1. Give the long-range amide H neighbours of residue 87: residues separated by 5 or more places, or on another chain, with amide H under 5 Å away, using H modelled in the peptide plane at 1.01 Å from N.
2. Per DSSP helix of 4 or more residues, -39500 (n - 2.57); summed, then divided by the residues of the chain. What does that give at 222 nm, rounded to the nearest 500?
3. Find the accessible area per residue for the range 56-196; the probe is 1.4 Å, ligands and nucleic acids are left out, and the unit is Å².
4. Where does each of 53-62, 168-177 land if you order them by average Cβ count within 10 Å, highest first?
5. Using only Cα atoms, find the angle between the long axis of helix 213-224 and the longest principal axis of the chain, and express it within 0 to 90 degrees, rounded to the nearest 10.
6. Sorted by accessible area (1.4 Å probe), largest first, how do 69, 218 line up?
7. In whole percent, and with a 1.4 Å probe on the protein chains, what portion of the accessible area of the chain is carbon and sulfur?
8. Whole-Hz Karplus ³J(HN,Hα) for the range 77-92, in order, using 6.51 cos²θ - 1.76 cosθ + 1.60 and θ = phi - 60°, x for Gly and Pro?
Amino acid sequence: MESIALVTGASRGIGRAIALELGQEGRCVCVNYYQHAEAAQEVVRQLQARGCRAMAVQADVADRTAVEHMIHTITDTWGPVDLLVNNAGISLQGLFQDTTDEQWDRILGVNLTGPRNTIQAVLPAMISAKQGCIVNISSIWGLRGASCEVAYACTKAAIVGMTRSLALELAPSGIRVNAVAPGCIETDMVRVLSPETRAMLVEETPLGRLGTPEDIAHAVAFLASEKASFLTGQILTADGGFIG
Ligand code: NAP
């Protein structure tokens, strides 16, 4: 049976690399995006050029109704999702006391309620099939804490709790739940930082470079693979040694 993978936030950055990697493995790939439709279509074109089945699916992951609609579209077109990668995320820099209600609600909405929405939407089919795999994207900042990124770090720490707890709850249903905690990865999210901050991050990374989106895609592909069939509830840190 063909594997149907959904990668949220796959129009750019890490999600794009994950989608391309999973397609390379022969999975059908659903490329979720929020605002960048053309970028998502380009990922689909690249996958199709490699002989993979791929489609772009728009949804704001924070919007439960939009997510349910997206999952129905995928299920009606190809069948149930058996691999869900919760990658979509936003960051927020600033002092904790300056964080507005709107910023707080939005970052929790996308980074935490988003995975809640997608997981709840795919679970009924995974549970009835008694198989499935979920890989969440956390962050080293969720493990270590980050000055001036309190809201972001909260969401990424919550993803760790969600991953470990769901792994326990879903193991009897044959569903594995793991997470990757990336270090500093060369994407738009890090490109917004000043050259000085980026240089400091490289210096603090023992392997002496920022990670690439492909570094994270390889970790996700491993957790999703048969080689990881006895792994659940794990947080795989892929950070060049940053947090040791
Ligand atoms: P990015 O380059 O900024 O790309 C973000 C992706 O998420 C885009 O495809 C974007 O879609 C999508 N997205 C944003 N809001 C969305 C929403 N509401 N609904 C659906 N999709 C949404 O980010 P990235 O660096 O690749 O980060 C990917 C994940 O890795 C995030 O969860 C991030 O927190 C995590 N992470 C990144 C780093 C890093 O150093 N880069 C480190 C640790 C963890 P559109 O472009 O279509 O709007």
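The values are calculated or read from the model by the stated rules, or taken from the named source; none is laboratory data. Every value quoted in this text rests on a predicted model; they were computed, and no experiment measured them. Neighbour counts are summed over all protein chains in view; Cβ atoms, including those assigned to glycine, are modelled from backbone coordinates with ideal geometry. The area values use the complete protein model at the heavy-atom level, side chains included, leaving out ligands, DNA and RNA. Shrake-Rupley method; radii C 1.70, N 1.55, O 1.52, S 1.80 Å.
1. Amide H neighbours of residue 87, under 5 Å, 5+ apart: 8.
2. Numbers: 10 runs with 115 residues, N = 244.
Value at 222 nm, helices only, nearest 500: -14500 deg cm²/dmol.
3. Details: 6270 Å² over 141 residues.
Roughly 44 Å² per residue, with all protein chains present.
4. Details: 53-62: 21.0, 168-177: 16.4.
Per-residue Cβ counts within 10 Å, averaged per peptide and sorted highest first, yield 53-62, 168-177.
5. Approximately 50 degrees, to the nearest ten.
6. Values: 69 125, 218 100 Å².
The most accessible residue leads, giving 69, 218.
7. Values: 6120 of 11370 Å².
Heavy-atom surface of the chain belonging to carbon and sulfur, 1.4 Å probe: 54 percent.
8. My calculation for the range 77-92 gives 7, 10, x, x, 6, 10, 9, 10, 10, 8, 10, 3, x, 10, 10, 7 Hz in order.
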